[in-house]
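Note sheet for the following structure.
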Amino acid sequence: MSKSIAGSSFNEFNIDNKFHLLHFQNESTDIQRFERDIDSSYIQLHFCLKGDAKFLFNNGSYTFDVKQQHCILLYNPQQKLPINLEINQKTTLISLLISIEKFHSLFSREANHIHFLSEENINRKYYNDDEIKPTVLMVLQQIISSSSRSNVKDLYIKGKIYELLSLHFQNDEASNVEFCPFLVDEQNVLKIRKAKDIIIARMAEPPSLQELANEIGLTLKKLKEGFKQIYGDTVYSFLFDYKMEHARKLLESNQHNVNEVGLKIGYSTSSHFIAAFKKKFGTTPKKYVSSLQQN
């Protein structure tokens, strides 16, 4: 099942009975809404790869954010947790909905390592917010970028989803075993994550790609390929989006003028910053601030 709405898309993949994957992609300039009734027998896992989203409960009286590269786990056997979701601009979100019976069949032997499956917690509500593991990020990107023929693609995605679950719930001790099959990839992914942290920390004066590759200890080719695979974008496109989002938040704080915000994120002239902001959001910084004040 798939649906597109002017710059945004929604795809659903049924892995098994009572086990579904939802893929949201909002590339429009508007917030997109998604609603679905979910009964209390389901565990929900929401992975935000890029951007951010917001869940609303009790008619909007209670909300919580899903931040970039974070995963939210929700389970409440005592009441329904319907999905009422606001998906912000430039956001990619993957959600897994799996019944507790199906989940038990997959992880019955590991129940002692998964808190909400233990005897004492099985009838209690559970909420968790964690940073997505590097290995999980890789699998999520592989699911999104899959381009195999339809009959092979279904099998490929199903396998990747099971791999995703096993990596997400893998306990820390197991991930540190010397002969762990993911060890080599994990080390490279950690270097790519370090590269991301470096360009964010130095966004006003970022290093060149070669300087960045040298600093993290990877070849230029591995840096480019690894960054694209994990974050779904090139290094500088990712940095551009991050800088614009940071600028938007600085403007919303009402503590800096347009020139100051531009300088903070690395634009020496206000005209260049204004052009970049308009490219990202479709409006100038001044008009954006004015619209906030009017609202």
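To the nearest 10 square angstrom, how much accessible area does residue 80 have with a 1.4 angstrom probe?
Answer for residue 80: close to 110 Å² accessible.
State the percentage of accessible surface on segment 35-110 attributable to carbon and sulfur atoms; use a 1.4 Å probe and exclude ligands, DNA and RNA.
41
Given a Förster radius of 35 Å and the C-beta distance between residue 62 and residue 198 as r, what FRET efficiency does 1/(1 + (r/R0)^6) yield to the nearest 0.05?
The calculated FRET efficiency here is 0.40.
Please list 239, 209 from largest to smallest accessible area, probe radius 1.4 Å, with all protein chains kept in place.
From most exposed to least exposed: 209, 239.
Before anything else, pin down the relative contact order of segment 221-295: Cα pairs under 8 Å, at least 6 apart, normalised by residue count, whole percent.
Once divided by the residue count of segment 221-295, the mean separation gives 21 percent.
Scale the Cα Rg of segment 249-295 by the rule-of-thumb value 2.2 N^0.38 Å and send over the ratio, two decimals.
Here the answer is 1.06, to two decimals.
Calculate the all-directions average of the projected area of segment 188-276's alpha-carbon convex hull, and give it in nm².
The number I arrive at for segment 188-276 is 5.7 nm².
Using the basic label-point model (7 angstrom from Cα toward the beta carbon), what is the residue 162 to residue 263 distance in nanometres?
Inter-label distance under the simple model: 5.8 nm.
Express in nm, to one decimal, how much length is gained between residue 125 and residue 101 on full extension, taking 0.36 nm for each residue of separation and deducting their alpha carbon distance.
7.1 nm
Which length gain, in nm to one decimal place, applies between residue 271 and residue 38 when the Cα-Cα distance is subtracted from 0.36 nm times their residue separation?
79.1 nm
Which sequence of 236, 162 reflects their accessible areas, 1.4 Å probe, from the largest down?
Order by accessible area, largest first: 236, 162.
On full extension of the chain, what length is gained from residue 237 through residue 254, given 0.36 nm per residue of separation minus the C-alpha to C-alpha distance?
Using 0.36 nm per residue and subtracting the Cα-Cα distance, I get 3.5 nm.
Heavy-atom accessible area of residue 135 with all protein chains present, probe 1.4 Å, nearest 10 Å²?
Accessible surface of residue 135 is approximately 10 Å².
Please report the carbon-and-sulfur percent of the accessible area for segment 199-276; probe 1.4 Å, protein heavy atoms only, DNA, RNA and ligands left out.
52
Roughly how many nanometres apart are two label points built 7 Å out from the Cα toward the Cβ at residue 11 and residue 208?
In this crude label model, residue 11 to residue 208 measures out at 3.8 nm.
Please compute the per residue accessible area over segment 181-273 with all protein chains in place, 1.4 Å probe, rounded to a whole number of Å².
Result: 55 Å² per residue.
The values are calculated or read from the model by the stated rules, or taken from the named source; none is laboratory data. Model, not experiment: these values are computed from the prediction. Positions of Cβ are backbone-derived with ideal geometry, glycine not excepted, and every protein chain shown enters the neighbour counts. Ligands, DNA and RNA are stripped out before the accessible areas are found, and what is left, the full protein with its side chains, is counted by its heavy atoms. Shrake-Rupley method; radii C 1.70, N 1.55, O 1.52, S 1.80 Å.
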